[in-house]
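These notes concern the structure reproduced below.
The values are calculated or read from the model by the stated rules, or taken from the named source; none is laboratory data. Quick caveat, the model's predicted, so the values are computed rather than measured. All Cβ positions, glycine included, derive from the backbone under ideal geometry; neighbour counts span all protein chains shown.
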Amino acid sequence: MQPAPQTRTRRKTLMLTILCLFLLPVAARAALFAYSGGPHSWRDADWSSIGSLPPATQHPEARVIVFSGRTGGWKGVIAVHSWAVIKRENAKTWTRYDVVGWGNPVRTNGWAPDGRWFGDSPKVVVDVRGAQAAAIIPKIEATITGYRFSHAGDYRIWPGPNSNSFTAAVLRAVPELGAALPPNAIGRDFREGFYAGLTDSRTGVELNLWGFAGVKIGWVEGVEFNLLGLVAGLDLRNPGVKLPGFGRIGAEALVPSALAR
């Protein structure tokens, strides 16, 4: 029996939507990557500091920063890596926390706090200073200490838990930051099983199945559709579109620098 014309039309519409929202952006980003001439392995990449942070001894106030930078090789077509940097008041050093895919996943000060990632200059996701930073640092440290996937073998590149799952857990612990990782931070939406509830920022609602598929609607997160870890959608707070591979495209996004009231 042949499908009814209406059913065939719906299937075509669905396939065209998936093609336009998810597959074509990835193909376009892959073409740009192929001609970019960037580093294709960690040996070729620049991991040095971009010089955006002063020495900790010259910066007495507490501070919390989340960075993201495009990852290397063909993974860089669709994904960024993210990490957290904290400094308690009057601390003499910055402390950087990453999760990586070899050995024990959680690493401390493996790279410069504002270091390039596979040669890509990192972008700031959130930057809070002073008393507000001091107030949330204990929550962040407790989340890092108690991170569930901190043992050798726990890391899984897709759909998670990976580096972005870790940073998302940090942001989830402090929703008052009013921040979300970039849409191409694959792994940020990893959940253990089916989840229905508030978004990480608690400004909206989310349905999620293991990070393989999901939908979010919220002020901080905007409107997002997740298919196999690839995210397409709209940014409502800072008008723009979200496309797989490219991340967010639109008006310059404001970096949260104070706790949401």
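Results, tabulated for the structure shown:
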read-out	value
Hits in segment 181-198 - residues which are touching a helix residue (DSSP H, G or I) at 6+ places or on another chain (Cβ under 7 Å) and either surrounded by fewer than 23 Cβ atoms within 10 Å (Cβ to Cβ) or within 11 Å of residue 82 (Cβ to Cβ) (or both)	181, 185, 186, 187, 188
Residues of segment 113-132 that turn out to be in a loop (DSSP other than H, G, I, E, B), surrounded by 17 or more Cβ atoms within 10 Å (Cβ to Cβ) and either on the phi > 0 side of the Ramachandran plot or not basic (Lys, Arg) (or both), as a count	5
Residues of segment 218-238 classified as touching a residue at least 60 places away in the same chain (Cβ under 8 Å) and not in a loop (DSSP other than H, G, I, E, B), total	4
In segment 216-254, residue modelled with the lowest pLDDT [restricted to those that are farther than 24 Å from residue 28 by Cβ and of a type in the set (Val, Ile, Thr)]	220
The one condition in (1) part of a loop (DSSP other than H, G, I, E, B); (2) over 22 Å from residue 49 (Cβ atoms) that residue 171 fails to fulfil	(1)
Residues of segment 194-217 classified as assigned to a strand (DSSP E or B), over 14 Å from residue 183 (Cα atoms) and not aromatic (Phe, Trp, Tyr), total	9
Residue check, residue 207 over 20 Å from residue 159 (Cα atoms), at pLDDT 95 or above and surrounded by fewer than 16 Cβ atoms within 10 Å (Cβ to Cβ)	no
Residue within segment 64-76 that is over 25 Å from residue 172 (Cβ atoms), loosely packed, with under 13 Cβ neighbours inside 10 Å and in contact with a helix residue (DSSP H, G or I) (Cβ under 8 Å, 6 or more places away or on another chain) present	yes
Residue match in segment 122-132 (condition: modelled with pLDDT of 95 or more, more than 28 Å from residue 224 (Cα to Cα), in contact with a Lys or Arg (Cβ under 9 Å, 6 or more places away or on another chain) and not polar (S, T, N, Q))	yes
Which listed residue, of 30, 34, 56, is within 30 Å of residue 134 (Cβ to Cβ) and either at pLDDT 95 or above or surrounded by fewer than 16 Cβ atoms within 10 Å (Cβ to Cβ) (or both)	56
Count of residues meeting criterion [within 16 Å of the chain's Cα centre (by Cα) and without any contact (Cβ under 8 Å) to a residue 24 or more places away in the chain] in segment 188-207	2
Number of the exception - residue 127 against (1) in contact with a strand residue (DSSP E or B) (Cβ under 8 Å, 6 or more places away or on another chain); (2) of a type outside the set (A, V, I, L, M, F, W, C); (3) more than 22 Å from residue 200 (Cβ to Cβ)	(3)
Test: residue 258 is under 16 Å from the mean Cα position of the chain (by Cα) and outside any strand (DSSP E or B)	no
Exclusive hit being more than 11 Å from the chain's Cα centre (by Cα), crowded, with 24+ Cβ neighbours inside 10 Å and either modelled with pLDDT of 95 or more or among the acidic types (Asp, Glu) (or both), set 175, 161	161
Subset of segment 208-217 (residues that are of a type in the set (Gly, Ala, Ser) and free of Cβ contacts under 8 Å to residues at least 40 places away in the same chain)	213, 214
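Residue by residue, here is whether (1) closer than 28 Å to residue 232 by Cα; (2) aromatic (Phe, Trp, Tyr); (3) free of Cβ contacts under 8 Å to residues at least 40 places away in the same chain holds:
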site: 120; (1), (2), (3): yes, no, no
site: 126; (1), (2), (3): yes, no, no
site: 132; (1), (2), (3): no, no, no
site: 143; (1), (2), (3): no, no, yes
site: 150; (1), (2), (3): no, no, no
